[in-house]
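The values are calculated or read from the model by the stated rules, or taken from the named source; none is laboratory data. Because the structure is a prediction, the values reported are computed rather than measured. When we count neighbours, we look across all protein chains shown, and the Cβ atoms used for this are built from the backbone with ideal geometry, even at glycine. When the accessible area is computed, the model is the full protein with side chains, heavy atoms only, and any ligands, DNA or RNA have been set aside. Shrake-Rupley method; radii C 1.70, N 1.55, O 1.52, S 1.80 Å.
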There are 2 protein chains.
Amino acid sequence: MLRTHNCGILNLTNVSEKVTLSGWVQKTRDLGGMTFVDLRDRYGITQLAFNMDTNAPLCAKARQLSREFVIQVIGKVIERTSKNKNLPTGDIEIEVSELIVLNKSKTPPFTIEDETDGGDELRMKYRYLDIRRKPIKEKLMLRAKVSAETRKYLDSRGFIEVETPYLIKSTPEGARDFVVPSRMNAKQFYALPQSPQTFKQLLMVAGMDKYYQIVKCFRDEDLRADRQPEFTQIDCEMSFVNQEDILQMFEGLIRHLLKQVKGVELKSFPKITYDDAIKLYGTDKPDIRFDMKFVELTDLCKGKKFEVFNSAEIVVGIRARDCANFSRKQLDKLVDFVKTPQVGGNGLIYCKFIENGISKSSIDKFFDNATKNTWAEKAGCAEGDLLLIMAGKEDKTRKALSLLRLHLAEELGLRNPQKFAPLWVVDFPLLEWDDDSKRYHAMHHPFTSPKANDIQHLDNKPDLVRANAYDLVLNGNEIGGGSIRIHDRKLQKLMFKHLGFSEIEAKNQFGFLMDAFEYGAPPHGGIAFGFDRLCALIGGEESIRDFIAFPKNNSGRDIMIDSPSEIDSGQLDDLNIKFS
Amino acid sequence: MLRTHNCGILNLTNVSEKVTLSGWVQKTRDLGGMTFVDLRDRYGITQLAFNMDTNAPLCAKARQLSREFVIQVIGKVIERTSKNKNLPTGDIEIEVSELIVLNKSKTPPFTIEDETDGGDELRMKYRYLDIRRKPIKEKLMLRAKVSAETRKYLDSRGFIEVETPYLIKSTPEGARDFVVPSRMNAKQFYALPQSPQTFKQLLMVAGMDKYYQIVKCFRDEDLRADRQPEFTQIDCEMSFVNQEDILQMFEGLIRHLLKQVKGVELKSFPKITYDDAIKLYGTDKPDIRFDMKFVELTDLCKGKKFEVFNSAEIVVGIRARDCANFSRKQLDKLVDFVKTPQVGGNGLIYCKFIENGISKSSIDKFFDNATKNTWAEKAGCAEGDLLLIMAGKEDKTRKALSLLRLHLAEELGLRNPQKFAPLWVVDFPLLEWDDDSKRYHAMHHPFTSPKANDIQHLDNKPDLVRANAYDLVLNGNEIGGGSIRIHDRKLQKLMFKHLGFSEIEAKNQFGFLMDAFEYGAPPHGGIAFGFDRLCALIGGEESIRDFIAFPKNNSGRDIMIDSPSEIDSGQLDDLNIKFS
């Protein structure tokens, strides 16, 4: 080793020891006769001392060092005269007797500090320098810890990690596949997995009983901010279980992770049905770190002269506690927010409950205090509270109010990233109508089992069919989703039919799975977690970018290595492909 | 859960308990008034008992069960009258009171037994049934255990698992890449990684200090038997180390794995230089579970009238201990073996050392006993030993003799798969000449550092330049290889030059790495293990196939899912490609 110790470990117990350290020059300071160098590695920072009086040539050499030089020093641990209590090594320094420059460095394009002056683009281009920064390094280390603790939990519960293939078969259902031309099988392609879904089900047919894998998945979709073409999943499946067994097992996983990684103890996770989630929060991934449930005021609002309400499918409000003191300007900004294209609201009505049953609203000419007080009563508004009301088409209004709810909570500081509020959302619809293709799509995927009592509605009222499907939501983000699967060939065929697959399409794409169902497929179900997002949330952040060592930008490019890129014509010839 | 216990856990301590079990029907036996069913799951087999006298309808129902039906039973644990000592659950059986068929099964296409009647092709097509067989299931579980123990070892030594990207950049150096057309970046491709080599080096530049990953890699090569287009590596890298540090660390890993997984304690691993390996074993991956080192007899063989020896560059033999009693037929078969195309030898000369200095050889008319005894002396042959000699061109002869050595050891039962003989091979040549392209290639890869003292020879005697490169060989298989890397931009540029890269090519393909070397790259090195092979060897097998859940065949096809396959024209259009 080019060191006897790392830069984070020495303290007063090591005084007088002769040590060798290696690392990067964080900074140098010349103080008259002394030169101090902060030497940094993954483990910490240790101060090096050079004395012009006792060793002028060495001290002169130290003064030549620049930021990010890689050096090795030999020296003696001594107690510092002026200690730094913020540093684990802050009680000591190294009286250096030998200095070797292992590698020089050009001046880095941005500062390697907790707060850097580098913009996103620059940081990504020089990601290897960005990772030297403590916040990024620690995020990657947290990710490794979440991964290790996930395995520890699942291993201890009898799950077997099985690697499923990456070169699989393209299936048009769902998102777009990345495909890989096969050289040995002309005109044919592999696809990269969007998830190991069919393989994990086959592993259940194979009797593996409990499977997991932390695995890369791929989706060739137009990237939105904070979505990556390759992403990591914790992928799990169990046999001989019902839905409640799965919820218990994976609630346990998330609780284990929060405990081990953050020291946070979570209580039992609440459950909500999909319908209630939409009704109470306007979204299937409600953030329940704060309350502000939707209150339906439709019946209490109709029949006055206010046409907005009269013509609305729904009138729905949220109570903003203690916000009756919002200024005109604050309220105007909320109105502006709901009118932005991404929210798409028509407008926003407020009602401030002042005192003694008196309220003040933007529609006072239509509604008297008594009527408004019926709203207050329904919404649980007390004096000092603000009621924000939207009206219109049901779906659109709920969605808009849901975004307002989050926006307001953000403004009110109610979305504390160090608070963790998990929630199971259950009883999802099996199917959802797609206006583009004029047919139903599977809301989760085609292997999700309908609830036994609802199968009868498949033909006539497909909207009513509920699935044995569940999502785990954390702080308003879907971090996992799964279902009890179909394990019966006939039911699977029926599902494919309802999803618009011809018999031939179903056979070509999923024949192997339906064949497998004929040889003793056990009842089974599972779940998959978005690992990047999970790590980010545990790390107290919304953005996944810095929890990925080498992320791609929004055009799917890795700007550090400049990929994707052209390949040479010989490679194209080998693959028998050309550009159209 | 559809069970209270699994099928491997119940014993006499559970007698009288009411239990629910679920699993597969392994077999049914009708014995007069009783019907017995062996119920199987991942954990074991439990016997179910049905009694025609006490519950005729239930017993009749049990008699309808066929192999591989999935059933659930409720019943009472009772002590067996005739116990099965070979089964952990062999002391008990279940007196069944309720039987539910969870899923039926067609008759499987091969028997689900330790020894099956299914051929390779059939087993692969129905891999989900093959995995139900205990030997395959156990291999996959062993793999999971090797993986878990690898992580445990590396985690405890401060390695951080970092996921590197799968969609990277194609580089023509080395094997052929699998490429992935980019839809969002027309005419451009990602490549799937052959290894995370450059990324792990960037992580060292990033200060991660110790990195590992158990990761899929991809190579689009013409497949030889037992080679897969996608394979798994244990990929590791360390900073501030020299070669010996790496050997110690990863010798420790292999020792840990053998200890934890097999209960085998290994001593310190021997080391051999590449030159000595070639000289003594004719290969850079010698199997040292047995001796039979090469003995060079060239000087002792020249100058007689035997032209085969006189014209040979080298005459070299191996001693087959106690094999002087080999029959004419046995010897002829060895001759046949060396003449097969894959060995490529011209012939084989034998010399049996009988007794009292008398020997009998296939070339007795050219050599007297005294000469032959000089051979015996050099080869350490005693009475009863057989000396097998080959002669010819140096490289070819060594290679052929190396194959004979393995063949003979196999025949003599010296290749015991439960014996583990690891060996470090060090001091590899940096470059090897490629006759096709008429230039030198990197023997490991272009990032391997030459030995400092040898750099001077790069221009004039490139053959002489040795690398800081090492392989770990286990039982004649290379299971790992690595090197100390170049961390200096100038030296890396020099290497690219010697490998025939133009400056522009080097910049286009590896510019990001050379740029990184300008910002304080630390000295670093690493190793990668072929995980599939490692698991197979630890499992006492030579073939990797059954240590992979869903392997591909020798044409790179997954015959279970029928992949690769055609994709629809819309996908091709999206990617702007067509077939040439």
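The portion of the accessible surface of chain B made up by carbon and sulfur, rounded to a whole percent, is 47 (1.4 Å probe; DNA, RNA and ligands excluded). Taking a temperature of 10 °C and a viscosity of 1.306 mPa s, what whole-number D in µm²/s does Stokes-Einstein yield for segment B:204-320 with Rh from Kirkwood over alpha carbon pairs? Stokes-Einstein gives a translational diffusion coefficient of 84 µm²/s. Screening chain A for whole DSSP H helices with an alpha carbon extent of at least 24 angstrom along the helix axis and a mean Kyte-Doolittle hydropathy of at least -1.0 yields A:134-156, A:394-411.
Counted by Cβ distance under 11 Å from B:GLY44, the other residues give a net charge of +1, where Lys and Arg count +1 and Asp and Glu count -1.
Filter B:LYS139/B:LYS267; A:LYS106/A:LYS139; A:LYS216/B:LYS285; B:LYS83/B:LYS125; A:LYS200/B:LYS76 down to the pairs with a C-alpha to C-alpha distance above 31 Å, please. Check vs 31 Å cut-off fails for A:LYS216/B:LYS285; B:LYS83/B:LYS125; A:LYS200/B:LYS76. Chains A and B together bury roughly 10900 Å² of accessible surface, counting both sides and using a 1.4 Å probe on protein heavy atoms.
In a DSSP loop and with at most 11 other Cβ atoms within 10 Å, there are no trypsin sites (Lys or Arg not before Pro) in segment A:107-154. Solvent-accessible surface of chain B, taken per residue with a 1.4 Å probe and all protein chains present: 41 Å². Label-point spacing for B:ASP322 across the identical copies (point 7 Å from Cα in the Cβ direction), in nm and ascending order: 9.0. Using C-alpha pairs under 8 Å with a sequence gap of at least 6, the mean separation divided by the residue count of segment A:287-347 gives a relative contact order of 25 percent. Sorted into 10 angstrom bins from 0, the C-alpha pair distances of segment B:12-103 split as 18, 57, 25, 0 percent.
When you count the other C-beta atoms within 10 angstrom of each residue and take the mean per peptide, B:259-272, A:537-550 line up highest first as A:537-550, B:259-272. The string of couplings for segment B:455-469 from the Karplus curve (6.51, -1.76, 1.60, θ = phi - 60°) is 4, 4, 8, 3, 6, 9, 10, x, 4, 7, 6, 9, 10, 7, 10 Hz, one whole number per residue in order, with x for Gly and Pro. Just how many % of Cα pairs in segment A:138-249 lie over 25 Å apart, if you round to the nearest whole percent? Above the 25 Å cut-off, segment A:138-249 has 34 percent of its Cα pairs. Against the compact-protein benchmark of 2.2 N^0.38 Å, the Cα-based radius of gyration of chain B scales to 1.22. Each Lys and Arg adds +1 at its Cβ and each Asp and Glu adds -1 at its Cβ; summed about the Cα centre, chain B shows a dipole of about 840 debye. Counting only Cβ charges, +1 for Lys and Arg and -1 for Asp and Glu, the dipole size of segment B:290-415 around its Cα centre is about 260 debye. Along the axis of the charge dipole computed for chain B (Cβ charges of +1 for Lys and Arg, -1 for Asp and Glu, origin at the Cα centre), the listed residues B:PRO88, B:SER268, B:MET249 are led at the positive end by B:PRO88.
Computed over segment B:464-516, the range of Cα coordinates on each principal axis works out to 43, 25, 17 Å, biggest value leading. With the convex hull of the Cα atoms taken as the outline of segment B:66-170, the averaged projected area works out to 12.9 nm².
B:GLU17 label point (Cα plus 7 Å toward Cβ) to equivalent points in the other copies: 5.1 nm, shortest first. Each residue of segment A:321-326 was assigned a 3J(HN,Hα) from its phi angle through the Karplus expression (A = 6.51, B = -1.76, C = 1.60, θ = phi - 60°), giving 5, 6, 10, 5, 8, 4 Hz with x at Gly and Pro. Sites listed here are trypsin sites (Lys or Arg not before Pro) in segment A:302-379 whose DSSP assignment is loop and whose Cβ has at most 15 other Cβ atoms within 10 Å: A:LYS302, A:LYS304, A:LYS305, A:LYS365.
In a simple Cβ point-charge model (Lys, Arg +1; Asp, Glu -1; nothing else charged), the protein assembly as shown has a dipole of about 820 debye relative to its Cα centre. Inter-chain Cβ neighbour count for B:207-214, averaged per residue, equals 5 (cutoff 10 Å, partner chain atoms only). Annotation for A:SER97, label-to-label distances across the other copies: 8.2 nm (shortest first, one decimal, point 7 Å from Cα along Cα→Cβ).
Of the peptides B:447-460, B:421-434, the order by per-residue mean of other Cβ atoms within 10 Å, starting with the highest, comes out as B:421-434, B:447-460. Counting Cβ atoms of other protein chains within 10 Å of each Cβ in A:552-561 and taking the mean gives 5. Distant-in-sequence amide contacts of A:SER361, defined by a placed amide H-H separation under 5 Å and a gap of 5 or more residues or a different chain, comprise A:LYS352. Computed on segment B:12-103, with alpha-carbon pairs under 8 angstrom and 6+ residues apart, the relative contact order is 33 percent. For the residues of B:569-575, the average number of beta carbons from a partner chain within 10 Å of their own beta carbon is 4. The C-alpha atoms of segment A:459-580 occupy a region whose extents along the principal axes are 51, 48, 30 Å, arranged from largest to smallest. Normalised by 2.2 N^0.38 Å, where N counts its residues, the alpha-carbon radius of gyration of the protein assembly as shown equals 1.10.
Semi-axes of the equivalent ellipsoid of segment B:290-415 are 20, 18, 13 Å, computed as sqrt(5λ) over the eigenvalues of the C-alpha gyration tensor in descending order. Between amide H atoms placed 1.01 Å from N, distances below 5 Å from A:MET443 occur with A:LEU431, A:GLU432, all of them 5 or more places distant or on a separate chain. For chain A, the relative contact order is 13 percent, taking Cα pairs closer than 8 Å that sit 6 or more residues apart in sequence and dividing their mean separation by the residue count. Dipole of segment A:290-415 computed with +1 at Lys/Arg Cβ and -1 at Asp/Glu Cβ about the Cα centre; of A:SER402, A:CYS351, A:THR371, farthest Cα towards the positive end is A:SER402. Pick out, from B:TYR43, B:ALA467, B:MET443, the residue whose Cα sits farthest towards the positive end of the charge dipole of chain B, with +1 on the Cβ of Lys and Arg and -1 on the Cβ of Asp and Glu. Working it through, the farthest residue towards the positive pole turns out to be B:TYR43.
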